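What follows is a structure written as structure tokens; I'll ask about it next.
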Amino acid sequence: MRRLLLASLSLTIGILALGLSSTTAADKDKDSPTKEPPIVKPLEGKSETIKLFNGKDLDGWECNKDLWSVEDGEIVGKNTGEIKVSTYCLTKQKFSDFRIVANAKLVKSEMHSGIAFWGKNAPEKGDKWTYAGHLVMFPSGYGMYDLFGRNGLPVDGAPAKKVGHQHDWNEVEILAQGNRVRVAINGTQVVDWRDPEPMRIMEGPIGLQLHSNKEPQEVRFKDITVTTFPKEDKLITVKEKDGKDK
């Protein structure tokens, strides 16, 4: 009888352990970072190309005028003292699905800059013009970042470093549709990523970043255009070696 009870107890423990193991494995699979992200279709709306910067002043933008200005037909972000929280030059207009093409140059410092989108102005984070949302970084630390969210996103910056210029002009194209982000640097595609948490995506301003830093910095932007709800589902600046569009 004792042997029968022990055998029965062992069988029960084994079944419970198997069930626990299966549940744990299922939970791990559900939360696994390798799980394929959902596919969110691009939103539909009026497609138009807008010149975000008129080359003369910051009309249509909001920012700290002590740090942002216009010089030689370029938007310039510059600091001499410490910036404790990254600050942005923000468009007054908000965007969801779009293509932006801009030329950007890091003049002084080795700290990256970037273009922010799919988020919001977040003055509660310590600066009147800081941003909470998605960021495409360049040129020092290429890749993507979730500002005041998940921090670094799983995007490899190595391809961009091969084609980017540290202290010279870089053509940056960002195609943001649904929950998919594609980026080209100087005509080479370097990012193709879907956000696995599309609930984080929101219509928001586009922001040009002047990073938090104790060192002096200068970053410049020019030739900034955005196309809302782009009809073409591809990067337009990416070229084949023979010069033809991909």
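Exceeding 21 Å between C-alpha atoms, which entries from my cross-link table qualify? They are K46/K128; K51/K162; K46/K92.
As for pairs spanning more than 21 Å Cα to Cα, those are K46/K128; K51/K162.
Next question. G157's amide H: which non-local residues (gap 5+, or another chain) put their own amide H closer than 5 Å, with H modeled 1.01 Å from N in plane and none for Pro or chain starts?
Distant-sequence amide H within range of G157: zero hits.
Roughly how far apart, in whole Å, are the Cα centres of the stretch 116-160 and the stretch 70-109?
Cα centroid of the stretch 116-160 versus Cα centroid of the stretch 70-109: 13 Å apart.
Oh, and also: Considering only the other residues whose Cβ falls under 9 Å of the Cβ of A102, what net charge follows from Lys and Arg at +1 and Asp and Glu at -1?
So the environment of A102 carries a net charge of -2.
Also: Checking the a/c ratio against 1.5 first, then a/b against b/c, what shape does the Cα gyration tensor give for the stretch 89-221?
Verdict is oblate for the stretch 89-221.
While we're looking at this one, here's another question. Output the peptides 89-98, 62-71 sorted from most to least packed, where packing is the average of other Cβ atoms within 10 Å over each peptide's residues.
89-98, 62-71
FYI, it's all coordinate maths here, none of it is from the lab. Bear in mind that the values here come from a model prediction, so they are computed numbers and not experimental data. In this analysis, Cβ positions are derived from the backbone assuming ideal geometry, glycine residues included, and neighbour counts consider all displayed protein chains.
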